[in-house]
Every structure is written in C-alpha cells, then in structure tokens.
Amino acid sequence: MSRIGKSPVTIPEGVTVDHKDGIVTVKGKLGELKQEVKDIDVKIEDNIITFERSSEKSDQKAKHGLYRALINNMIEGVTNGYTKELELVGVGYRASNQGNKLDLAVGYSHNIVLDLAPEVKVETISEKGKNPIVKVTSHDKQLVGQVAAKIRSFRAPEPYKGKGIKFVGEQLRRKAGKSA
C-alpha cells in the first residue's frame, strides 16, 4: 500500500477545497489551482482530505500517492507559494526584468528575452562583486519548476569552469581538464 497516499492532508485556515466531477479545486490567498483526479476516491471531511483506491492494480497504486502529493503541493502553493533561485556564473552574464519580461545576457551575440506567464513573478538581484540571481515565484509548483528549467536550459553550467546558469545551492561535478 502507498505510504504517501495513506497519510491525510489537512486544510489550513483560509483555504477552500472543492471536489466536483473528478476535478479538485483549491482556492487560497495567493490564487486558485485545479487538478483532475482519476481512479482515486477523494473524501473531504472536517478540514481533512483522504485518498482511497478501489482496487490493487498497479496504475491505481501509483496514482494513489501521486494525487495526494499533487493536492498537498496545491494547498502549500496557495498558502505560502514556491520560489526557485538561479545564479548566473560567468564574466559579463547579466539579468534584468521589466514586469514579467526577463532579459538575459549569457554570452551569446544577442540578449535572450523571455515572456513569462502572468502567474509567475520574476525578480533579479544584481550586487557588485556577486553573481546575478534570478528569483522565480508563483503559487504553482509545476509552473515554477518548468520556468526555472527553461531559464537554466539557455546556458547550462559546464563542468570545467562552472560557467552557466545554475540553481542556487546546486553542486556541480567538476572535471580536471587537460593534464600536461
């Protein structure tokens, strides 16, 4: 039995959860998220959500823990939100933003301009003597991860000098280079 799927999810104050026609809707102070739930029974009683499956098929076992984790992430997102930070490592690498437009200069002949979804907030931090940092914030965990991965894909860190766009706190595998 799924250990994650068995544990109930508590609904904090200020969050409303509705379940109609196989769609779970979570509303909170930061926004609203929807998730379609198939093959799993969702029961909401006394600010506690429980997930039950009707059979022991392998696909239902997999979905049991999956939907519990997705709904828990939605509740966490509408109450606190999610943030990912990316660091630009390299000489001349810069980042700036105007509203939801992110402008990156990462060593190409042109700047990369990225239009972001309205649910995503972006912030750039540039301090003298430190690498520029890009903060991506939203109430949707999947969207934050997707946008951060897209930004990182423009110049993934290379293993010799470590130049590129990396997550803050990410450990890179470094190579020695040429041996003379």
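The values are calculated or read from the model by the stated rules, or taken from the named source; none is laboratory data. This is a predicted model, so every value here is computed, not measured. Heads up, the Cβs are rebuilt from the backbone with ideal geometry, glycines too, and the neighbour counts pull from every protein chain shown. What goes into the accessible areas is simple: the full protein's heavy atoms, side chains included, and nothing from ligands, DNA or RNA. Shrake-Rupley method; radii C 1.70, N 1.55, O 1.52, S 1.80 Å.
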Return the residues of the range 123-160 that are touching a residue at least 60 places away in the same chain (Cβ under 8 Å), open to solvent by 40 Å² or more (accessible area, probe 1.4 Å) and either part of a loop (DSSP other than H, G, I, E, B) or within 17 Å of A95 (Cβ to Cβ) (or both); say none if nothing qualifies. D140, R152, R155
Could you please tell me which pairs satisfy a Cβ distance under 6 Å, a separation of 6+ or placement on different chains, a first residue in the range 93-112 that is without any contact (Cβ under 8 Å) to a residue 60 or more places away in the chain, and a second residue that is open to solvent by 100 Å² or more (accessible area, probe 1.4 Å)? K101/D115; A105/R94
Odd one out for A117, checked against (1) in contact (Cβ under 8 Å) with a residue 24 or more places away in the chain; (2) over 25 Å from A69 (Cα atoms); (3) in a loop (DSSP other than H, G, I, E, B): (2)
Please enumerate the residues belonging to the range 1-57 that are open to solvent by less than 70 Å² (accessible area, probe 1.4 Å), in contact (Cβ under 8 Å) with a residue 60 or more places away in the chain and hydrophobic (A, V, I, L, M, F, W, C). V9, I11, V15, L33
Cβ-Cβ distance below 8 Å, separation of 6 or more or different chains: which pairs start in the range 165-180 with a residue that is charged (D, E, K, R) and end on one that is open to solvent by 70 Å² or more (accessible area, probe 1.4 Å)? R174/Y160; K175/Y160
Report whether or not G81 is open to solvent by less than 80 Å² (accessible area, probe 1.4 Å), small (G, A, S), touching a Ser or Thr at 6+ places or on another chain (Cβ under 8 Å) and in contact (Cβ under 8 Å) with a residue 60 or more places away in the chain. no
Taking into account only those residues within the range 58-73 that are touching a Lys or Arg at 6+ places or on another chain (Cβ under 8 Å) and of a type outside the set (G, A, S), which is most open to solvent (accessible area, probe 1.4 Å)? K61
Kindly indicate whether V89 is among the β-branched types (V, I, T), within 30 Å of G14 (Cα to Cα), surrounded by 14 or more Cβ atoms within 10 Å (Cβ to Cβ) and out of contact with any Ser or Thr (no Cβ under 6 Å at 6 or more places or on another chain). no
